[in-house]
1. Take every Cα pair under 8 Å in the chain that's 6+ residues apart, average their separations, divide by the length, and report that relative contact order as a whole percent.
2. So how far apart, in nm, are the two label points at S204 and Q221 if each is 7 Å from Cα heading toward Cβ?
3. Two-decimal Rg/Rh of the chain from alpha-carbon positions, Kirkwood Rh?
4. Residue by residue through region 92-101, which ³J(HN,Hα) values in whole Hz follow from phi under the Karplus form 6.51 cos²θ - 1.76 cosθ + 1.60 (θ = phi - 60°), with glycine and proline marked x?
5. What is the gain in length, in nm to one decimal, between V51 and K180 on full extension, counting 0.36 nm per residue of separation less the C-alpha to C-alpha distance?
6. Output ³J(HN,Hα) for region 60-71: one whole-Hz value per residue in order, computed from phi by the Karplus curve 6.51 cos²θ - 1.76 cosθ + 1.60 with θ = phi - 60°, and x for Gly and Pro.
7. Taking the highest mean first, how do the peptides 174-183, 3-12 order by number of other beta carbon atoms within 10 angstrom per residue?
8. Pairs of alpha-carbon atoms within less than 8 angstrom and 6+ residues apart define the contacts here; what relative contact order does region 28-128 have, in percent?
Amino acid sequence: MKILTAPSLFAANLLEIGAQVKRACDSGADILHFDIMDGVYVPNISIGFDVLKAVRSCTDLPIDAHMMTVCPEKYFERLAEYGADIVTVHSDIADTEKVRFMLTDIHSYGMMAAVALKPGVPAQEVFPFLDLADMVLVMTVEPGFSGQAFMDMTEKIQKIKQQIGKEAVTIAVDGGITPKTAEMCAAAGANLFVVGSAAFGAPSMQAVLGDIRAAAQRAYQG
Ligand code: DX5
Ligand code: ZN
């Protein structure tokens, strides 16, 4: 699998979001990570649909809508209309059958579908979705805020990677990602790195993304 980086816009200076999107594109980002929160699933509220539309108008990069919301399915149609390319839903918002239905629904709008796991959710919880999901997002912080300390989820990543085997399912990590933590996660099997404060807080985002890519490439097996 290719090593990919995805700056998380939630960590950007929102007063200059257009310039920050451009900065991410110019710095070699592969995907833009777009956090949507409802104040219910997580104790915070972030950027929403109008911002997504504005961001879509100023970049061709794929956009991943990370839905930290209890009822993401209400919004799939709007996400598609506003230009999301990937929709990520959390595994613990509904029972297995409903989450599987959501993944199929996301695909029916022509978007890619991903399942996210909070730190407390074990690897096995994502296994029933691996035949449908394009990506698994392993949270390496409690969802809701940028700038938190990295939590080691390498064992969980290894278990998921083992279960995936040779299938083309991306394993992404989100939260506290730096070159050092990216290397640990890549060694365990992650290939997509969501980077918030380490990217937008750096003097050179290009250098940070380059360092993350290089560190991950060194450590990644297969
Ligand atoms: C947190 C979000 C992350 C966040 C990452 O709930 O899902 O995408 O913006 O920020 P950092 O990299 O600073 O932990
Ligand atoms: Zn996120």
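The values are calculated or read from the model by the stated rules, or taken from the named source; none is laboratory data. Model, not experiment: these values are computed from the prediction. Cβ placement follows ideal geometry from the backbone for every residue including glycine, while neighbour counts extend to all protein chains displayed. Surface accessibility is based on the protein's heavy atoms, side chains included, excluding ligands, DNA and RNA. Shrake-Rupley method; radii C 1.70, N 1.55, O 1.52, S 1.80 Å.
1. 21 percent
2. Placing both labels 7 Å along Cα→Cβ, they lie 3.3 nm apart.
3. 0.93
4. For region 92-101, the Karplus curve yields 9, 8, 7, 6, 3, 4, 5, 5, 4, 4 Hz.
5. 43.3 nm is the gain from fully extending V51 to K180.
6. 9, 4, x, 10, 9, 8, 8, 8, 8, 9, 7, 10
7. Highest-to-lowest ranking by the protection proxy: 3-12, 174-183.
8. Rounded, it is 23 percent for region 28-128.
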